[in-house]
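Below is one structure; the comments refer to it alone.
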Amino acid sequence: RYEPTWGSLDARPLPAWFDEAKFGIFIHWGVFSVPSFGSEWFWWYWQKEKREPYVKFMEANYPPGFSYEDFSPLFTAEFFDPNQWADILKASGAKYVVLTSKHHEGFTLWGSKYSWNWNAVDVGPKRDLVAELATSVRNRTDLRFGLYHSLFEWFNRLFLEDATNAFKTRKFPTSKSLPELYEIVTKYQPEIIWSDGDGNAPDTYWNSTGFLAWLYNDSPVRDTVVTNDRWGVGSICTHGGFYTCSDRYNPGHLLPHKWENCMTIDRGSWGYRRDARLGDYLAIEDLVKQLAETVSCGGNLLMNIGPTHDGRIAVVFEERLRQVGAWLKVNGEAIYGTKPWRAQNDTVTPGVWYTFSPKEGKVNAIFLNWPVSGTLELGEPQAKLGETQVKLAGYKELLKWVALGEKGMVIALPQLTPQQLPCQWGWTLQLTDIN
């Protein structure tokens, strides 16, 4: 059994499925999806920081005295079709999904008995959005279902009172935050708990170690659940299950501890923005590059979309997800279930990232640019004459190659028209019998 101490909890082995999965989808959805302007931090930027664009937006579009709470009946979700969402998630090639059950605004997407009249069953959609998505994902896909949960809430009276007392009182975690965590685990059995928002309070205030000890010892998901590292001030990148370290974290080198790169397709926001321009969205080439870099350095990629207030996954997000899925159909062997190789990227040719498939003993070289010369020079692999074989994922014939001295090789790529290429945006060479 795990003790409620970081020493004990950090020694828990991370369930193997998480490292094998490599790729998940993050979904930021809530009352912030109604103004859908600027950022999912809309309430804070408008009311607390009084940032000019947000103040002006409200003055121009809403009557005087309109409060953030007045947005909640407009969070309607009338087009939310959880089966359709599940089908898009499946088509993306992702192996897990993480939904914001509650963001810093405190609004819960399930009918929490600890969030009276500030939840999706009492107000707005009048539906249990968490339950509906969990059911569809489990019935229609093999994705693992996870939940994001914000520890703190910007404007909760009890939290602000505790903060004023320098967190010597613990009214908020004992009456709101912790009961909600126990509630979502018991009710929905998520296999990822993605915690966030420490509110500048220590983990002792949140009783994070007490909750995690229960989660790992006695909860219905104790054997398979994975957690992140955001459990109070000072715990990020130090304690918990996998490390997130910061948003959009992509170190570009191998880390000794399992980590995740959580990032957004919309460069500017996690929630949906009506004011986004096409250039604000990462292109599919950028997403494939992020995936290859992240996985080669031992990380998982958690790619975020923000649905609309009426429950649609915007077409641009759907297209990106389906494109990644199409790429993974051809190159998935270089991603899923791989381990980092001795080199993460190539020393001679930039834009080549390595992974290793332990079962097949294959080295995968993912290259992001198709060379004009038709030959690809790799500085890292040590090929063996008469033994090493080189294949292009999605192409039948073996490729010809020559060794370069002690280390390195030149590979002749097949001459293919754009229509004959096995995929776009990045390709995989599979090397067998490499030293």
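The values are calculated or read from the model by the stated rules, or taken from the named source; none is laboratory data. Quick caveat, the model's predicted, so the values are computed rather than measured. Positions of Cβ are backbone-derived with ideal geometry, glycine not excepted, and every protein chain shown enters the neighbour counts. Please note that ligands, DNA and RNA were not included when accessible areas were found on the heavy atoms of the full protein model with its side chains. Shrake-Rupley method; radii C 1.70, N 1.55, O 1.52, S 1.80 Å.
Per residue, segment 339-432 exposes an accessible area of 53 Å² to a 1.4 Å probe, with every protein chain left in place. Accessible surface of the chain, 1.4 Å probe: 51 percent of it comes from carbon and sulfur atoms. Over all other residues within a Cβ to Cβ distance under 13 Å of Leu368, the charged ones net out to -3, with Lys and Arg as +1 and Asp and Glu as -1.
Estimated at 0.36 nm per residue, the fully extended path between Glu59 and Ala412 surpasses their Cα-Cα distance by 120.8 nm. Sorting 103-115, 123-135, 335-347 by average packing, meaning the other beta carbons within 10 Å per residue, from highest down gives 103-115, 123-135, 335-347. The convex hull of the Cα atoms of segment 339-432, projected and averaged over all directions, covers 6.0 nm². Evaluated at q = 0.12, 0.13, 0.18, 0.20 Å⁻¹, a Debye calculation over the C-alpha positions of segment 1-147 (equal weights, vacuum) places log10 I(q)/I(0) at -0.65, -0.74, -1.08, -1.17. Kindly list the residues of segment 23-48 that lie in the label zone of Val316, defined by a backbone N under 14 Å from the point 7 Å along the Cα-to-C-beta vector. Backbone N within reach: 37-39.
If Lys and Arg each add +1 and Asp and Glu each add -1, what is the summed charge of the other residues whose beta carbon sits under 14 Å from the beta carbon of Ala16?
So the environment of Ala16 carries a net charge of +3.
Lacking any other cysteine beta-carbon closer than 4.7 Å, the following Cys residues of the chain have no compatible partner: Cys262, Cys297, Cys423.
Here the contact order of segment 283-352, divided by its residue count and restricted to Cα pairs under 8 Å and six or more residues apart, works out to 38 percent.
Maximal additional length on extending the Asp223-Gln420 stretch stands at 66.4 nm, based on 0.36 nm per residue less the C-alpha distance.
Couplings 3J(HN,Hα) for segment 313-330, derived from phi with the Karplus relation 6.51 cos²θ - 1.76 cosθ + 1.60 (θ = phi - 60°), are 8, 3, 4, 5, 5, 4, 4, 4, 5, 5, 5, 4, x, 5, 5, 5, 4, 8 Hz, where x marks Gly and Pro.
Normalising the average separation of contacting C-alpha pairs (under 8 angstrom, six or more residues apart) by the number of residues puts the relative contact order of the chain at 17 percent. Between the amide H of Thr375 and those of Leu413, distances stay under 5 Å, these residues lying 5 or more places away or on another chain, with hydrogens modeled in the peptide plane. Full extension of the chain segment joining Lys48 with Tyr182 gains 45.2 nm, where the gain is 0.36 nm per residue of separation less the Cα-Cα distance.
Placing a pseudo-label 7 Å from each Cα along the Cα-to-Cβ vector at Arg138 and Asn435 gives an inter-label distance of 5.3 nm.
Bridgeable lysines around Lys329 (alpha carbons under 26 Å apart, same-chain partners fewer than 8 residues away excluded): Lys22, Lys90, Lys95, Lys258, Lys289, Lys339, Lys359, Lys362, Lys391, Lys396, Lys400.
3J(HN,Hα) along segment 332-337, derived from phi through the Karplus expression 6.51 cos²θ - 1.76 cosθ + 1.60 where θ = phi - 60°, amounts to x, 5, 8, 10, 4, x Hz, with x in place of Gly and Pro. When the alpha carbon coordinates of segment 226-267 are projected onto the principal axes, the ranges are 27, 22, 19 Å, largest first. Spatially, segment 87-159 and segment 338-392 are offset by 41 Å when compared through their Cα centroids. Note that segment 101-113 has calculated 3J(HN,Hα) couplings of 6, 7, 9, 5, 6, x, 6, 9, 7, 10, x, 5, 7 Hz, one per residue in order, obtained from phi through the Karplus relation 6.51 cos²θ - 1.76 cosθ + 1.60 (θ = phi - 60°); glycine and proline are x.
Relative to 2.2 N^0.38 Å, what does the C-alpha radius of gyration of the chain come to as a ratio? Two decimals please.
After normalising by residue count via 2.2 N^0.38 Å, the value is 1.06.
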